[in-house]
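Visitor: Dropping a structure here in structure tokens format, bear with me for questions.
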Amino acid sequence: MQQKNYYILLGVHNTVSFEELRSAYRELAKKHHPDKNPNNKVAEEYFKEIQEAYATLSNPEKRKKYDIFCLFGKAPSQQRPNNGNSGAGTTNAKPKPHNQNYGKQKNPGFKQDKTENYQIPLSIGIALLLLYFIISYSSNKTTIRNETGLIETENNVDQEQVALEQLETKSLISEFASPYCNLFGEEKAMDDSKNSIIIHNGNSSEVIICLVENKNKKTTIRNQYMDIGSTFKMNNIPNGEYFLKVYYGTVWDTTKTFLNNTVKGGFTNELGFAELKMKNGFFKMQQEQTSSCASFSTYEIGLNPSQIKDIKKITAEQFFK
């Protein structure tokens, strides 16, 4: 099977930056997602291919291996002749499955100089193969710490294959979606309220942000997904005192569960849960109307954990209660 060109699949150059790569992937994924193309097998297969391409190229180590593999697969095919069967019937023979070299058939009337034909491409192939295994060996080790200090140990699991298999279960989540309404109930709002919170997400992770009433058994009235670097204005907030709960992570997975499968959906790469409050307490929302004017409450907050002082780490159980 011929190796797919991941750069062509995503419509980008091989020098593309991570941000450009991510933008191209998201545009294609939204367009070809199975939910938008029901019963379309072609779109479904293409969606899997672009996920596979993004999973490889968005990881620096995997991208390095892939680029080396492409180089290694290309160099021998340009110079190495076909040293397989010759004579009658060889013209339409299938190539060997371990490479894509069709090569030129030997001319029965011409005696080839094997040393001249094979020495240069063989040397190049061996050098590239050694380089590939050096990188593979280095990246397939993990570092763990025990009582004696740091220990380097080989990882016998094919992490790339596992990642690709897991990626097939992933599904995109829409911007500003509310994934946990089945748990927290429908969102609560006050139509004529101008109370609001402007939320700026940082560049380190995606988040699920929950607005929680301080009273009334700490009821969660909003749950919103926010992409990396996005800004969201939470409008029509009822009067009251509130705080925020945040779930940090990347790569949304609809098959992930919490609390004995009672909560569905979560981040594959889970970075943690936190509780945020204002320096002087809670987000106090109060809209009042007098005979002469109206007043309301509005706040603005950033979600980068390294820039927040009043942050409290919590467990998944505390986030979903």
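Visitor: Can you give me the distance in nm between label points at PHE176 and PHE296, each placed 7 Å from the Cα along the Cα-to-Cβ direction?
Guide: Result for the modelled spin labels: 1.5 nm.
Visitor: Still on this structure, please answer the following. Kindly write out, for the stretch 250-256 in residue order, the coupling ³J(HN,Hα) from the Karplus curve 6.51 cos²θ - 1.76 cosθ + 1.60 (θ = phi - 60°), rounded to whole Hz, with x marking Gly and Pro.
Guide: Going residue by residue, I get 9, 6, 5, 10, 6, 8, 6 Hz, with x marking Gly and Pro.
Visitor: Can you tell me the length gained on complete extension of the stretch THR231 to MET190, counting 0.36 nm per residue apart and subtracting the Cα distance? Walk me through the intermediate numbers first.
Guide: Details: separation 41, 0.36 × 41 = 14.76 nm, distance 2.15 nm.
Value of the extension gain: 12.6 nm.
Visitor: What pairs in LYS194/LYS321; LYS30/LYS264; LYS194/LYS218; LYS65/LYS264; LYS188/LYS313 have C-alpha atoms more than 30 Å from each other? Show your work: numbers first, answer last.
Guide: On the way: LYS194/LYS321 28 Å; LYS30/LYS264 21 Å; LYS194/LYS218 22 Å; LYS65/LYS264 34 Å; LYS188/LYS313 26 Å.
In this structure, LYS65/LYS264 exceed 30 Å between Cα atoms.
Visitor: Work out how much length PHE258 to LYS30 would gain on full extension: take 0.36 nm times their residue separation and subtract the Cα-Cα distance, in nm to one decimal. Each step should come with its number before you reach the end.
Guide: Values: separation 228, 0.36 × 228 = 82.08 nm, distance 2.65 nm.
Fully extending the segment from PHE258 to LYS30 adds 79.4 nm.
Visitor: Another one. Counting alpha carbon pairs within less than 8 Å and at least 6 residues apart, what relative contact order, in whole percent, applies to the stretch 177-222? Intermediate values should be presented prior to the final figure.
Guide: Numbers: 27 pairs, mean separation 18.8, N = 46.
Once divided by the residue count of the stretch 177-222, the mean separation gives 41 percent.
Visitor: If we count every other residue with Cβ under 12 angstrom of ASN223's Cβ, Lys/Arg +1 and Asp/Glu -1, where does the sum land?
Guide: Working: positive: LYS188, ARG222, LYS245; negative: GLU186, GLU187.
Here the count lands on +1.
Visitor: Can you tell me the dipole magnitude for the stretch 220-321 around its Cα centre, using point charges on the Cβ only (Lys, Arg +1; Asp, Glu -1), in Debye to the nearest 20? Let's see the in-between values first.
Guide: Working: 12 positive and 9 negative charges, 33 e Å.
In total the dipole reaches around 160 debye.
Visitor: Please state the relative contact order of the stretch 181-320 as a whole percent: Cα pairs under 8 Å, 6+ residues apart?
Guide: Working: 314 pairs, mean separation 38.1, N = 140.
The normalised contact order for the stretch 181-320 reaches 27 percent.
Every read-out reported here was derived from the displayed coordinates using simple, explicitly stated rules and does not represent laboratory data. Remember, predicted model here, so these are calculated numbers, not experimental data. Quick reminder, even Gly has a Cβ in these numbers, built from the backbone with ideal geometry, and neighbours come from all protein chains shown.
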